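A short worksheet on the structure shown next.
The values are calculated or read from the model by the stated rules, or taken from the named source; none is laboratory data. Keep in mind it's a predicted model, so treat the numbers as computed, not measured. In this analysis, Cβ positions are derived from the backbone assuming ideal geometry, glycine residues included, and neighbour counts consider all displayed protein chains. Note: accessible area is taken over every heavy atom of the protein model, side chains too, but ligands, DNA and RNA are not part of it. Shrake-Rupley method; radii C 1.70, N 1.55, O 1.52, S 1.80 Å.
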Amino acid sequence: MTPWVRRQQALADYTLAAMARRRVKNIGLLLIYALVIFVIASATLFSTALRHEAEIVLAEAPELIVQNLVMGRHDMISAEIIEELEAIRGVGGVTGRLWGYFYDRVNGANYTLMVPLDPKMVPPAGQALFGEALPRTRGLGWDTAPLFLSRYPGDLFRLDPAGRLSHESALVSADLILLGEEDFRAFFDLPPAVYTDIAVSIRNSREIDTIVAKAGKLLPNARLVTRDEISRTYQKLFYWREGIMVAMAGASVLAFAIFAAEKASGLSAEETREIGILKAIGWDTRDVIAMKLWEGGLISLGAFLFGTGLAYLHVFAFDAALFASVLKGWSVIYPDFRLTPMIDGVQLTALFFLTVLPYTAATIVPIWRAATADPDQVMR
């Protein structure tokens, strides 16, 4: 063992002993410090996991969606446009999509009704596949109880359960109802030759921009939405909600900033006297500074690890129960699903530097002042 390592080991042993003598103060500081990190780390981990789930779900989305606009508003699109889009070179397939929203006055929730593009998922007539949260909010059984939807007073539209959608897609399918085309058109009273929008698959992903440009010339009044644009919208949405949670932690961050500033302004009388005694018995100025840096580093690093560990358990073991509703962004129907543990190393590193280093650095100035002063004067 080199002399430098033995020296640092001795300084660490003394620092731990000194911290144990002031255990109440240090434990209180550690808990407050960890609470600030816990709130910010929870928001960061939860938002990162949600963005990861969104990427998985959107991986199967169409490369391009074509929507008809009338006076700047989304309107139904004619089936005749499908043939025009199929004629564009590089287009792999064109399919009309049927989907719409329905407000349920029973519980104040909005449902999304949709005809699945995959023929294997189309339920029989009079039946539907339900998202995992829908029967739960209505208090219905999964296998037997039908769902009745009232479009206007005196009307009841019955849908028998054909199954439920997977928990893995609950982030975007919690309020989803999948039904056949005939039932969908009957429910919304739609004519047979119109669709909500058109999904376009593209053979070569590098040709997406070219095909979008051609479709734009063909349909100048249409809105063209690519899968990448949808993904970026989700990412920005979750970043925005993460910012809300960080802003909610602003009070704690402000309190910590005030504490760090107070820490930088000077040491307590007990700490100053201890430094004077250490200098009197032969400690070098560098040893005193190193000892206090050990103390600041242990407290800040311990708080970071403790706060981040609690945040990890809070998000991935307890489903972020404290603020899941804020980040999931659902008003009535809340999806019930397990997040895949996902850690953004860049964000955690930024959190480390923004919380650990400022506190550790804040101890340098007052320690240097006390360590370079005359020991007799310091003890007096």
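Observations, loosely collected:
- Cα centroid separation, segment 177-199 to segment 95-165 (Å): 13
- Ratio Rg/Rh [Cα only; Rh per Kirkwood] for segment 1-154: 1.28
- Under-5 Å amide H pairs with residue 150, H placed in peptide plane, nonlocal only: 157
- Karplus-based coupling profile of segment 115-123, in residue order and whole Hz: 8, x, 6, 7, x, 5, 9, 6, x, with θ = phi - 60° in 6.51 cos²θ - 1.76 cosθ + 1.60 and x standing for Gly or Pro.
- Net charge, residue 191 excluded, C-beta distance under 14 Å - Lys, Arg +1, Asp, Glu -1: -4
- Summing charges over neighbours of residue 101, with a neighbour being any other residue whose Cβ is under 13 Å away from its Cβ, gives -1 when K and R count +1 and D and E count -1.
- Residue 202 long-range amide H proximity, modeled H, under 5 Å: 63, 92
- Convex hull volume of segment 77-195 per residue (C-alpha atoms, cubic angstrom): 121
- Taking all protein chains together, 226, 2 sort by accessible area into 2, 226, largest first [probe 1.4 Å].
- Residues whose amide H lies under 5 Å from that of residue 175, counting only those 5 or more places away or on a different chain, are absent; hydrogens are built 1.01 Å from N in the peptide plane.
- Share antiparallel - DSSP beta bridges, segment 77-195, percent rounded to 5: 65
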